[in-house]
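**Student:** The following block contains the structure, expressed as structure tokens.
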Amino acid sequence: MKANGSSAERGRRDGPPILEMQGITKRFPGVVALDGVSFDVRPGEVHALVGENGAGKSTLMKILGGVYAPDEGTLLLDGRPISFSHPWEAQQQGISIIYQEFNLLPYRTVAENIFLGREPIRRGLVDYARLRRDSAQLLARLGVDQWIEPDMLVKDLPVARQQLVEIAKALSFSSKVLVMDEPTAALTDREVELLMGLVRQLRDEGLAIVYISHRFKEVFEVADRITVLKDGRKVGTVDAADVTPDDLIRMMIGRPLDAYYPEYARPEDIGPPLLEIKGGGNDVLDDINLTVRAGEIVGVAGLQGSGRTELLRAIFGIQPFTRGTVRLRGQEVRIRSPLDAVRLRIGFLTENRKEEGLALLQPVRDNILLVHRALRPLLAKANGAPSVAELAGQVDLRAAGLDQEVQYLSGGNQQKVVLAKWLAVDADVLLFSDPTRGIDVNAKASIHRLIRSLAQSGKAILMASSELPEIIGMSDRIVVMWDGRIHGELPAGATEAEIMALATGQREGRRST
Amino acid sequence: MPPIFVVLLVICVWISFLNPRFATVPGIMSFLMRAAPAAILAAGQLFVIVSGGFDLSVGSLITLVVLGSSMLIGGDPANTPWVIAVMFLIGIAVGVFNGAVTSWLKVPSFITTLGMLVTLKGFALLWTGGAPRGALPNNFRVFGRNRLSGVPLLDEVPYAVIILLVVAVVATYLLHRTGWGKQLIALGDNPRAARLSGVPTAKVRILAFVASATSAVIAGILLGGFSGVSTNVGDGQELGAISAAVLGGAKLLGGRGTMPGAIAGALTLQALFTLLNLLGWPKPLRDGLQGVIIIGAVAYTAWRERRS
Amino acid sequence: MSAPVNRKPKRAGLPPAFLFLAGAFVGAWVLVSLFGRGQFLTAANITNIFVRSVALGMVAVGQSFAILGGSIDLSVAHLISVTAVMTSFIMQGDPANIARAIAVVVAIGLGVGLLNGLIITKLRVNSLIATLGTGLFMQGLLSTSFQNFAGAVAPEFEVLAYGTWGPVPIPVVMLAVVVALGALVMHRTRFGAHLYAVGGNAEVARLSGLRTDRVLIVAHVITSFSAVLTGLFIAARLGAGAPWVGQDGVYDLESIAAVVVGGTALAGGRGGVLGTLAGVLIFSIMDAMFNQLGTGAFLKQVFRGFIIIAAVASYSFRSKEEVG
């Protein structure tokens, strides 16, 4: 990775900023998401915003987009103070945002989605002909018109193309400021290239672009300046030409990487295979051969859409394998539903803890016991064996009490509740998908230590993650997914470059086991 | 203490002020006797509401129980025991159907049970030819209108009150003290998380509809005893039950609700009617005020949740 | 990007409910021909099916708006009663009062719709409870003030129910106009596009800058307005309104049933007015068929419940999501 990829064509770095944030503070119950952050962007400039998950990037972006109002600080647009009471006002002022979660309506057409809220009107009615025409033009300008047509329903498009629709939608505003949150997370290399070109083109047209990403390659390729956030505070703003990726990492995590993660497993920690998959496959996966042994953490790397999360979902029976065999603790098993997996004491924990992990209105106690209860007769007494207090202690849960509703816990503690839920039934094969996403750095470290100690206690852990540092820091072995297959395997301590090479399908990996 | 109990208490005190006999043991007993069917129905409905669903079919099921019983018994008291057993079987079948269609065919329960409402009413009327026919024998009606005498301290206790008490205790135990109840609430709170936690969602949900339908059969037996055979005995009961549960703090679409709250909600509605009656309000106006109160209660809950 | 392009044209033909409609029609035709009295396929019979659909059809078109927006309106039956009673009460048989009567009931309808919308969006009361409450309230006031048929409509006003326009009965024209207007508003206006968005995903709609509350309020006003139209029609048909006409027709639940049978998702965001028309016509065809088969009203009702469930199941059974 070069520090200054294509610095030949940089944006303007002079002139007054079009958008300025001064001393922005935003608090949520139990956490200060942003603490006195200042930030600005000039017309014709790409200003990258980097930081770990939970550093405050998305909060900052949502303040820009009018979703949240800051508790303190001011926003200046063209030197005038502004405030939004509704996302609509931010758009009116010329700030448009591409959110990471898709903001598209699956059952509406591409054209209807792009111009949602701004449908062209002719004689009081929506001018569908023009809607289609304008959308077609936009898609052509993006160079994606051969893949996406205005009349297609969004639900029929693959994820990557939905992302392009998002971008088209953001472009359709005649915006002065464009904020892009991880716009390439779901894109293939070729699509990323296309997007980079587009970002430069828009920059040259005089747009101010805020580019949020944790892919350094892209950041160094398009950014003029880079601002680093950590734990809700600004670490600094630097010229992209003046720093190296290593500098940025240090700024982001505040200490060298190796001191940050727990130790890898020692050979004597590793026990017999607990999970073995041979020739596993379904609609999106093919030829999966994978063994996870007691005591080890196997990392699953891969771009979004590579089958990384799908692999975990297949093992857990959400989208089950339709081919191949799965052996658990030496026994061949069939897992057709989550219930099957739970009965076999497989645990599952994802970044979507609110959607997939927790019953938010229920107390800590009932969440921790949920799996336990699911495995017992329906009319069995609700409380009884395992001790909830003990489990909460085991995961180092910080809550006001076991009767506190989990909706009021911080992200890190919520994730610990999910973990405790699986410990309550002695699950010994644990599937983690981005276990620390959206969690602040300290809680993150504590969860990482917890995961390692679970491995040390003899559990087999398969951990998918979108963050390479997490994969590298935690995994005793790394499998890299590409195109629904395991494209290669790397030993502990592999580099980002090695992983990315496999993840982008560039070369076969070296086999270490 | 949840606000509904305070409201119930205030209304009861007010009633006793207007009618001192209300605050006596017999007064309370007849109040509870009149409230029993609605309270039992609310208890059953709560199981479905906390799971995230609705059971609109209970009103028609009540009608079916009353009309069907009078047809099957045919005036011969010897038939009563097996007819009651058949009614419970019908109720369980309806509950299983509602739950199964919702769980497996993914028809929202609002629609499943709306369809059942139409079908069961049609079936009940088809059976009797559209008019109330026959009469229920005394050994059937005893549950709804007679009293057990010689009870220490209380003297006479209506059977309906005993039944209500048993239902309340059993339902509270099932919802708040068993794994099923807790899983049901978790299912209503977050169906996806519940499924991924291994909760057997279909089984858990079907049982909730069975509980609701069973409560309707019990309510039907009591109502048939209390007021005899009519074709509209169940009309609108489902909305009353939902209102009672909501007044008692249950959250529509699931995840929150307590059994004592729901029963108190039903008693509150009944007490409110009693009060307005004493104040001389005509029946339609009492219904109208009920509408305002339900909205107010839910708006208040929503406001309190937003504030916290 | 080598995957084949997935070309799915939008709005290709009619909603799938029309398939069921065709099925119902053919089925009814066959059954009546085999076992029924008289012919099914007569002009009179077909006209009858349409006329039968008018009262439910108009309010169901309006209900489609509430449901498409992810809301629901249980107050329509009571509003229909209010409208029917107020119409004949104000008119008192005098054609000079027609305009005043209509103005008053339309104003009431708009007010009720506004109230429903405000309670749902501003007080954040679940739409089911909100409209149940306003419905009970309206009915309470109405039944306190009126115990029976009140007043009478003017003979000229009865044209609405019994007149013809050429060979076509006026009620059918009315229904056609309401459906056409409903479809126009839903599929061709900005408001319609925004309603789909609000019902499909309110958060997406909000982030796209839509004022979601306003959209939902307008939807409820439209629903209430459609109930007023049905109320006017019923007053014209009966010659006077009574406080039970709306509930007797079960227009609240029947309109919801027609909407979902027509393919609009109860959760909102998917469906349309034409599907609702199909749903209403299916009900009317079944009614006509059962009448001609001489099976009586109750068997018809037994089947109707199952038809509602079966139709919705046909849209939903492939879903992988949990529904409650």
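The values are calculated or read from the model by the stated rules, or taken from the named source; none is laboratory data. Everything quoted here is computed from the prediction, not taken from an experiment. FYI the Cβ positions are ideal-geometry reconstructions off the backbone, even for glycines, and counts take in every protein chain you see. What goes into the accessible areas is simple: the full protein's heavy atoms, side chains included, and nothing from ligands, DNA or RNA. Shrake-Rupley method; radii C 1.70, N 1.55, O 1.52, S 1.80 Å.
**Student:** Could you provide, to the nearest whole Å², the per residue accessible area of the range A:197-313 with probe 1.4 Å? Kindly include the intermediate steps, with their values, before the conclusion.
**Tutor:** Details: 4580 Å² over 117 residues.
The answer is 39 Å² per residue.
**Student:** Using a Gaussian network for chain B with springs between C-alpha atoms less than 10 Å apart, which of these wobbles most: B:257, B:291, B:220?
**Tutor:** B:291
**Student:** Quick one: go through the range A:80-97 and flag any residue whose amide nitrogen is under 13 Å from the point 7 Å out along the Cα-to-Cβ line of residue A:22.
**Tutor:** Those under the cut-off are A:80-82.
**Student:** Related question: Figure the gain on full extension for residue A:387 and residue A:323 (residue separation times 0.36 nm, minus the Cα-Cα span) and round it to one decimal in nm.
**Tutor:** Numbers: separation 64, 0.36 × 64 = 23.04 nm, distance 3.95 nm.
Once the chain is fully extended between residue A:387 and residue A:323, it gains 19.1 nm.
**Student:** Mind checking which lysines have their C-alpha under 24 Å from residue A:230, skipping anything on the same chain fewer than 8 residues away?
**Tutor:** Filter leaves A:2, A:26, A:57, A:62, A:217, A:354, A:416, A:444.
**Student:** Could you tell me what percent of the accessible area of the protein assembly as shown is made up of carbon and sulfur, with a 1.4 Å probe and every protein chain present?
**Tutor:** On the way: 25400 of 43310 Å².
Using a 1.4 Å probe with all protein chains present, the protein assembly as shown comes out at 59 percent carbon and sulfur.
**Student:** On the full set of protein chains, 1.4 Å probe, figure out the accessible area of residue B:82 and give it in Å² to the nearest 10.
**Tutor:** 120
**Student:** Let me ask you something else. Return the inverse of the average 1/r over all pairs of distinct C-alpha atoms in the protein assembly as shown, which is the Kirkwood hydrodynamic radius, in Å to one decimal.
**Tutor:** 32.4
**Student:** Let me ask you something else. On the full set of protein chains, 1.4 Å probe, figure out the accessible area of residue A:226 and give it in Å² to the nearest 10.
**Tutor:** Accessible surface of residue A:226 is approximately 0 Å².
**Student:** How many partner chain Cβ atoms sit within 10 Å of a residue's Cβ in peptide A:416-429, on average, as a whole number? Spell out each step's value before the answer.
**Tutor:** Working: counts 0, 0, 3, 0, 0, 3, 1, 0, 0, 2, 0, 0, 0, 0.
Mean partner shielding for this stretch: 1.
**Student:** Which one of C:104, C:85, C:172 has the biggest mean-square fluctuation once chain C is modelled by GNM with Cα springs under 10 Å?
**Tutor:** It is C:104.
**Student:** If you split all Cα-Cα distances of the range C:168-221 into 5 Å bins from zero, what percentages do you get per bin, shortest first?
**Tutor:** 5, 20, 23, 19, 12, 9, 7, 4, 2, 0
**Student:** I've got another one for you. Could you size up the charge dipole of the protein assembly as shown around its Cα centre, putting +1 on the beta carbon of Lys and Arg and -1 on that of Asp and Glu, and report it in debye to the nearest 20?
**Tutor:** Details: 105 positive and 89 negative charges, 337 e Å.
Roughly 1620 debye, rounded to the nearest 20.
**Student:** Given labels modelled 7 Å from the Cα in the Cβ direction, how far is it in nm from residue A:174 to residue B:156?
**Tutor:** It is 8.5 nm.
**Student:** Rounded to the nearest 0.05, what FRET efficiency do residue B:131 and residue C:41 give with R0 = 30 Å and r taken as the Cβ-Cβ distance? Could you check?
**Tutor:** Numbers: r = 35 Å, r/R0 = 1.16.
Once the sixth-power term is evaluated, E becomes 0.30.
**Student:** Under a crude label model (7 Å from the Cα following the beta-carbon direction), how far is residue B:283 from residue A:86 in nanometres?
**Tutor:** Result for the modelled spin labels: 4.6 nm.
**Student:** Just to make sure I understand: if all protein chains stay in place, what is the order of C:78, C:187 by accessible area at 1.4 Å, largest first?
**Tutor:** Details: C:78 15, C:187 45 Å².
So, going from the largest accessible area down, we get C:187, C:78.
**Student:** Could you work out the mean count of beta carbons from other protein chains within 10 Å of each residue's beta carbon in B:276-284? Mind dumping the intermediate values first?
**Tutor:** Numbers: counts 0, 0, 0, 0, 0, 2, 4, 3, 11.
Mean number of neighbouring Cβ atoms from other chains: 2.
**Student:** Taking every residue in B:122-134, how many Cβ atoms of other protein chains lie within 10 Å of its Cβ, on average? Spell out each step's value before the answer.
**Tutor:** Numbers: counts 11, 5, 3, 6, 8, 1, 1, 2, 3, 0, 0, 0, 0.
Per residue, the number of nearby Cβ atoms from other chains is 3 on average.
**Student:** Next question, about the same structure. Give me P(r) over the range C:53-312, computed from all C-alpha to C-alpha distances, binned every 10 Å, as integer percentages.
**Tutor:** 8, 31, 35, 21, 5, 0
**Student:** A further question on this structure: Let me check something: with ligands and nucleic acids excluded, how do A:71, A:403 order by accessible area (1.4 Å probe), largest to smallest? Don't skip to the answer; put the middle values down first.
**Tutor:** Values: A:71 75, A:403 110 Å².
Ranking A:71, A:403 by accessible area, largest first, yields A:403, A:71.
**Student:** In whole angstrom, how far apart do the alpha carbon centroids of the range A:153-209 and the range C:10-60 sit?
**Tutor:** 49
**Student:** Would you look at the GNM of chain B, springs on alpha carbons closer than 10 Å, and say which of B:221, B:90, B:49 moves the most?
**Tutor:** Comparing B:221, B:90, B:49 in a Gaussian network model of chain B, the most mobile one is B:90.
**Student:** Right, something else. For the pair B and C, how large is the buried accessible area, both sides, in square angstrom to the nearest 100, if the probe is 1.4 Å?
**Tutor:** Numbers: alone 14260 and 16130 Å², together 26400 Å².
Heavy-atom accessible area buried at this interface is about 4000 Å².
**Student:** At 4 °C and a viscosity of 1.567 mPa s, what translational diffusion coefficient does Stokes-Einstein give for chain B, taking Rh as the Kirkwood radius over Cα pairs? Give it in µm²/s as a whole number. Don't skip to the answer; put the middle values down first.
**Tutor:** Details: Rh = 19.7 Å.
The estimated diffusion coefficient comes to 66 µm²/s.
**Student:** While we're looking at this one, here's another question. On a straight-distance basis, which lysines could pair with residue A:155 in a cross-link, Cα separation under 21 angstrom, same-chain partners fewer than 8 positions away excluded?
**Tutor:** Straight-line reach from residue A:155, under 21 Å: A:169, B:106, C:8, C:10, C:320.
**Student:** Let me ask another. Express in Å², to the nearest 10, the accessible area of residue A:496 obtained by rolling a 1.4 Å probe over the protein heavy atoms while all chains stay in place.
**Tutor:** 60
**Student:** Can you give the calculated 222 nm mean residue ellipticity of the protein assembly as shown, where each DSSP H run of n ≥ 4 adds -39,500 (n - 2.57) and the sum is split over every residue, rounded to the nearest 500 deg cm²/dmol?
**Tutor:** Working: 44 runs with 612 residues, N = 1145.
The per-residue figure over the protein assembly as shown is -17000 deg cm²/dmol.
**Student:** Ok, one more. Between residue C:299 and residue B:230, what FRET efficiency comes out of the Förster formula 1/(1 + (r/R0)^6) with R0 = 22 Å and r the beta carbon distance, rounded to 0.05? Let's see the in-between values first.
**Tutor:** Numbers: r = 21 Å, r/R0 = 0.97.
Taking R0 as 22 Å, the efficiency between residue B:230 and residue C:299 is 0.55.
**Student:** Thinking of the range A:366-503 as a set of Cα atoms, what percent of all their pairs are more than 23 Å apart? If you can, show how the numbers build up before the last one.
**Tutor:** On the way: 3929 of 9453 pairs.
Summing the P(r) tail past 23 Å for the range A:366-503 gives 42 percent.
**Student:** Right, something else. Show A:373, A:42 ordered by accessible area, largest first, where the area counts protein heavy atoms only and the probe is 1.4 Å.
**Tutor:** A:42, A:373
**Student:** Still on this structure: At 7 Å along the Cα-to-beta-carbon direction for both residue C:48 and residue C:147, put a label point, then send me their distance in nm to one decimal.
**Tutor:** Between residue C:48 and residue C:147, the simple spin-label model gives 3.7 nm.
**Student:** What percent antiparallel are the DSSP beta bridges of the protein assembly as shown, to the nearest 5? Walk me through the numbers before you get to the answer.
**Tutor:** Values: 51 of 86 bridges.
Among the beta bridges of the protein assembly as shown, antiparallel pairing accounts for roughly 60 percent.
**Student:** At the nearest 100 Å², what buried accessible area, both sides summed, do you get for A and C when the probe is 1.4 Å?
**Tutor:** Working: alone 22290 and 16130 Å², together 35400 Å².
Separately minus together, A and C give about 3000 Å² buried.
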